[in-house]
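Asks: Supplied in structure tokens, the structure appears directly below.
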Amino acid sequence: MSTRKVVFYTFAFFLFVLIVPQLCAQNEIKMSTGEAAISRQKLVDYSKQFIGKPYASGGIGPNSFDCSGLIFTVSRESIGVQLPRTTKAIYNFCTEVSASEREAGDLVFFKTTSSGQISHVGLYIGSNQFIHAASDGPNTGVIISSLKESYWKSHYFCTRRYLPASNSELLVDSMKTSSTAENSSASASASSKSTRMASSSNQVAGTSNDSFLRSLILDASLSIDWSMVTPDYFRLNCRGFDTMIHARYAGKTLQPGVGAYIRYDAGTDNVQLPLVFSLTMNEFVRVFAGPVISLGKPHLPGDSDYKIKNSFFPGIIGAAFSTPSFQIGKTFVSFVQDIHYTVFNDTDGAAMSFSKSLTTGLVLATGIRVTLPLNSVL
């Protein structure tokens, strides 16, 4: 096997290891309206047992929770659906609905910090009330609050859902239920009515064109490229700059996307146009790969007489890591660091030595990314 293939497949294996856990955790939520009604009731009923548990940052129970940890555990344990772990990732996983469509089992999101980012989530249980793990205020821990309270009303952002819609009249308003026996009877009644609906047409949230567009997230970045080595010496090298536009579908845990780069590589003195397919695993990690179109006649870094050429395919493979974002208007801004490997060959197509392949193709990029969720403008 040639050196360039060894480098490329080694890098691919590293990215594969990153992706596999996300694939295993991903859930396809497909159910009838009747099944959705039952699942929603289970979410509400199961969450109530944790009322009074204390708040703890990073807590996922059973003795303490943070806000996203409560939603994560309730969903996983009551209906077997494993959501992303953080509030923002849960937000991206779900599909937005209007307040008039809100029903028990949906999630309500809030912006409670000065950064203006989504920072809090609760489980809506009906009658304008929600269960959540509060970290501050007169009451903390897992409590029930009302959307009509002045604080929550002023910090409310939106309602989203990850379960299909159901006929809300089939759900028990569990706030009117005062005993375990009544809960059991009401749940049985809801289940019986829901079963009679199972033969009706299924309604899965997010299947309309509007929902698809609302799940699209656009971003653009500008980065400075650099490396630490050339074939002949070890030191910090400026490798040029790149700009990128990218779109991804945020309707799943593992979010597919496509992007296009314009990259000037000062080390090889050519312009590259990578066209990449990506998978965004959470708000902080993205992997990508694709072909590369090269403009110009590149040379080995540090040796302008040693001519080389880009490989069209396999072209580029890499991973991008971003910081938590801060909001400016309707956009979110974060700092991003990526590491990518571009395949180069000798001009006759032969593979270069391992050291030349690695030092020529392995580049780091540090920059800033601006993200725009389409649901913020539609």
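Asks: Please calculate how many Å² of accessible area segment 261-339 carries per residue, with a 1.4 Å probe and no DNA, RNA or ligand atoms counted. Numbers along the way, then the final one.
Replies: On the way: 3430 Å² over 79 residues.
Each residue of segment 261-339 exposes 43 Å² on average to a 1.4 Å probe.
Asks: Dividing the Cα radius of gyration by the Kirkwood radius, what Rg/Rh value follows for segment 298-348? Walk me through the numbers before you get to the answer.
Replies: Numbers: Rg = 17.3 Å, Rh = 13.8 Å.
The Rg/Rh ratio comes out at 1.25.
Asks: Extending each Cα 7 Å along its Cβ direction at PHE312 and GLU101, get the distance between those two points in nm, one decimal.
Replies: If labels sit at PHE312 and GLU101, their model points lie 4.4 nm apart.
Asks: Pop out the carbon and sulfur fraction of the accessible area of segment 38-137 as a percent, whole number, probe 1.4 Å.
Replies: Carbon-and-sulfur percentage of accessible area, whole number: 46.
Asks: Relative contact order for segment 61-127 using alpha-carbon pairs under 8 Å, separation at least 6, rounded to a whole percent?
Replies: Details: 77 pairs, mean separation 19.2, N = 67.
Relative contact order for segment 61-127 comes out at 29 percent.
Asks: Which value, in Å² and to the nearest 10, is the accessible area of ARG235 when all protein chains are kept and the probe is 1.4 Å?
Replies: 140
Asks: Be a star and scan segment 340-357 for residues whose amide nitrogen sits under 17 Å from the point 7 Å along the Cα-to-Cβ vector of ASP303.
Replies: 344-357
Asks: Taking H as built 1.01 Å from N, whose amide H comes closer than 5 Å to the amide H of VAL97, not counting residues under 5 places away?
Replies: Those lying under 5 Å, H to H, from VAL97 are THR159, ARG160, ARG161.
Asks: Placing +1 at every Lys and Arg Cβ and -1 at every Asp and Glu Cβ, with all other atoms neutral, what dipole size does segment 56-140 have around its Cα centre, in debye to the nearest 20?
Replies: On the way: 5 positive and 7 negative charges, 39 e Å.
Dipole magnitude for segment 56-140 comes out near 180 debye.
Asks: Taking 0.36 nm per intervening residue step and subtracting the Cα-Cα distance, what contour gain separates LEU275 from ASP346 on full extension?
Replies: 23.3 nm
Asks: Leaving ligands, DNA and RNA out of it, work out the accessible area of GLU35 with a 1.4 Å probe and give it in Å² to the nearest 10.
Replies: That residue has around 100 Å² of solvent-accessible surface.
Asks: Next up: Got a sec? Charge dipole of segment 215-360, +1 on Cβ for Lys and Arg, -1 for Asp and Glu; which of PRO301, PRO291, GLY257 is way out at the positive end?
Replies: Comparing the listed Cα positions along the dipole, GLY257 ranks first.
Asks: Moving on to the next point. Of ILE339, ASN310, SER357, which is farthest towards the positive pole of segment 285-378's charge dipole, taken about the Cα centre with +1 and -1 on the beta-carbons of Lys, Arg and Asp, Glu respectively?
Replies: ILE339
Asks: Moving to a separate point now. What percent antiparallel are the DSSP beta bridges of segment 51-169, to the nearest 5? Mind showing how you got there, number by number?
Replies: On the way: 21 of 22 bridges.
Among the beta bridges of segment 51-169, antiparallel pairing accounts for roughly 95 percent.
The values are calculated or read from the model by the stated rules, or taken from the named source; none is laboratory data. Predicted, not measured: the structure shown is a model, and the values here were computed from it. Every residue, glycine as well, gets a Cβ built from its backbone with ideal geometry; the counts of neighbours run over all protein chains shown. These accessible areas exclude ligands, DNA and RNA; they are computed on the full protein's heavy atoms, side chains included. Shrake-Rupley method; radii C 1.70, N 1.55, O 1.52, S 1.80 Å.
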